[in-house]
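Readers should treat all values here as calculations from the given coordinates under stated rules, not as data from a laboratory. All figures in this text were calculated on a predicted structure; none of them were measured in a lab. We place every Cβ from the backbone using ideal geometry, glycine too, and count neighbours over all the protein chains shown.
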Amino acid sequence: MLSRQGIPQPERDLYSRLKQLLDSPGLLRGNLVKMRRECGKPGCRCRKAPRFRHVSLYLGLSLQGKHRMVYIPQSWEERVQDWVRRHDDARDLLEKLCLHCLQRLQSRQE
């Protein structure tokens with residue numbers, strides 16, 4: 001097992017950034033989707049023209065092999081956007097860390 005000092009600085013920086021992401025609560029895997037919908041009220045203008053339809057945010061994801069769309073209330077939109085972004089950032093950092101480890105493996109460095 002390598003000590004922290006034995007890991008190259010760029011790789012240590014990646015571990016530090018990943019730890020910072022994981023120290024805060026909230027990670028969501030999925031894609032944010034804006035949808036335009038009719039509300040169902042008979043007198044609403046959203047029924048007359050597509051451009052007047054109500055915009056709402058959904059989280060699209062796959063759970064247990066099935067695709068789901070989860071409605072995001074307007075009061076939660078900013079929080080959920082942050083959670084999705086943080087998950088994407090963590091995934092990118094993990095991929096970079098894997099590449100660093102693969103390079104060390106291929107060059108047989110500790």
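Bridging of Lys96 to aspartates and glutamates at a Cα separation below 16 Å is possible for Glu11, Asp13, Asp88, once same-chain residues fewer than 8 apart are set aside.
This model, with +1 at the C-beta of Lys and Arg and -1 at the C-beta of Asp and Glu, gives the chain a dipole about its Cα centre of some 860 debye.
Just one of [x] 17.4; [y] 17.7; [z] 14.3 is Kirkwood radius over Cα pairs in Å calculated from these coordinates, so which is it? It is the one labelled [x]. Once the C-beta distance of Glu77 and Cys98 is scaled by a Förster radius of 35 Å, the resulting FRET efficiency is 0.65 to the nearest 0.05. Taking trypsin sites (Lys or Arg not before Pro) as exposed when DSSP calls them loop and at most 15 other C-beta atoms lie within 10 angstrom, the chain has its longest site-free stretch at 49-107. Distance between the C-alpha centers of the range 53-110 and the range 3-23? Whole Å please. One Cα centre to the other: 19 Å. Compute the helix-to-body angle for 77-107: its Cα long axis versus the longest principal axis of the chain, expressed 0 to 90° and rounded to tens. In the chain, helix 77-107 runs at an angle near 30 degrees to the longest axis. Against the main long axis of the alpha-carbon atoms of the chain, helix 9-23 sits at an angle near 40°. The dipole here belongs to the range 60-101: it is taken about the Cα centre, uses +1 on the Cβ of Lys and Arg and -1 on the Cβ of Asp and Glu, and is about 200 debye.
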